[in-house]
Amino acid sequence: MLLHFLAGFDYVQIGAMGVLLGIGVLFIHSTGIQIGTAWAAGLYLKQLQWIAAGFCCYLVLSLVDYRKLLIPSIVFYLGCLVLLVMVFLIGVTVFGAQRWIHVPGLGMRLQPSEMTKVAVVMVLSALFSSRMFAIDDEGERGGSRRSGQLLGLGVAAIVVAVPFLLIVKQPDLGSALILPPIGAAIIFVAGIRWKILIWASGILLIVFTVGVINEFLPNRSIDAQGKETITYGIHPLLHGYQKERLLTFLDPERDLAHRGYNQFQAKLAVGSGGMTGKGIGQGTQNLLGFLPQSVSNNDFIFSVIAEETGFLGCLVLLGVYLLLFYSIIRTAVITTDPFGRYLCIGIGTMMFTHVYVNIGMSVGLSPVTGLPLPFVSYGGSFILTGMAALGLLQSVYRHREQED
């Protein structure tokens, strides 16, 4: 009985997650020692505490039948929206961003935007697996099927847009930009008609173009003294520093001393690692403080790994991520339940986007957005969110043989 129970787990997923968590703790400890303060040196212990809490979430969700979470997913989504609103009322502000809520008695801060990513995956998966919005060739035909797809697409747009706007307002553009790819991936896998998909893409392109023009459109005004003032954007969504990050990404040498400094030093750290690296704890870019210590253990931890383990170490890290994505895709393929399949696709898209953007920041392929490297970067909220998300996928894997 015990052997049958243990045999039901996806050990490829468990192994990949465990290795990534171990790599994260190792390099958080390494950067903590290099920073040199007692607080930084103890961050790896806090990370271990978050991992322990995340493992509890992982184990519970992996044992629960994920199909029982169809209705609770809607409640979870609404709860996340409430927390996103509460951020503006009682949220903690750090470096000008109001993204966290202090949890009394536990001495910790919670970032609702991280939980919202999984909530969006769950509610969209529940939406498109219901008969009302189901999209398949054996379902309804003609106008009724088309209207059902349009209705589903409209509801999905609202599900993504509401938290997107709340998160952008914090401001946290990086986390907000994770939501559209999640929605797009689930809608695509759900099998929406190409004609509707093309029309929707065209509308989004127009909205995006108008938004960009609005953000960077010069707005000239003259005060009572006749002095001309130039501002940008009529009702801009982006803050000034976010616009500068985008402009610096397009022109890396625009502001190397300020906005472009972190990414420039990160690329130097990656390049200086060579084939085998300088050795763990021996990275000079980080050791000498050229790579800012405030981001070396989270946003730019990949640069530290690249400098200290070199190209071969990066290959190992990327190989482990490939194993993780393989396990996610395999689970999506072998399950016959639409809800489970959409969960796999949504969570896989969330993880892949995080990995691409975070590593892209370090090598200059994406703007600096502050997204963590899954299971490696320091930070409690995403450790809990990521492990809980993989717990859901473990549940899909374990219960696949019980599906009708």
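Points to keep in mind about this one:
- When all protein chains stay in place and ligands, DNA and RNA are ignored, the 1.4 Å accessible-area order of LEU61, LEU204, largest first, is LEU204, LEU61.
- Charge tally in the Cβ shell below 11 Å around THR284, where Lys, Arg are +1 and Asp, Glu are -1, THR284 excluded: -1
- Each residue of segment 271-277 was assigned a 3J(HN,Hα) from its phi angle through the Karplus expression (A = 6.51, B = -1.76, C = 1.60, θ = phi - 60°), giving x, 7, x, x, 7, 10, x Hz with x at Gly and Pro.
- Subtracting the Cα-Cα distance of MET275 and ILE74 from 0.36 nm times their residue separation leaves 67.5 nm of extension gain.
- Database remark: amide H of ARG99 closer than 5 angstrom to the amide H of VAL92, VAL94 (H placed geometrically; neighbours at sequence offset of 5 or more, or on other chains; Pro and chain starts carry no H).
- Extension gain for LEU268 to LEU63 (0.36 nm times residue separation, less C-alpha to C-alpha distance): 69.3 nm.
- Residue-span extension gain [VAL103 to LEU318] - 0.36 nm each, minus C-alpha spacing: 73.9 nm
- From most to least packed by mean Cβ count within 10 Å, the peptides 374-382, 267-275, 192-200, 350-358 give 374-382, 350-358, 267-275, 192-200.
- Amide H within-cut-off set for GLY191, under 5 Å, with H built and near neighbours excluded: none
The values are calculated or read from the model by the stated rules, or taken from the named source; none is laboratory data. The shown structure was predicted, so the numbers you read here are calculated from the model rather than taken from an experiment. Every residue, glycine as well, gets a Cβ built from its backbone with ideal geometry; the counts of neighbours run over all protein chains shown. Just the protein is used for accessible areas: all its heavy atoms, side chains included, with ligands, DNA and RNA removed. Shrake-Rupley method; radii C 1.70, N 1.55, O 1.52, S 1.80 Å.
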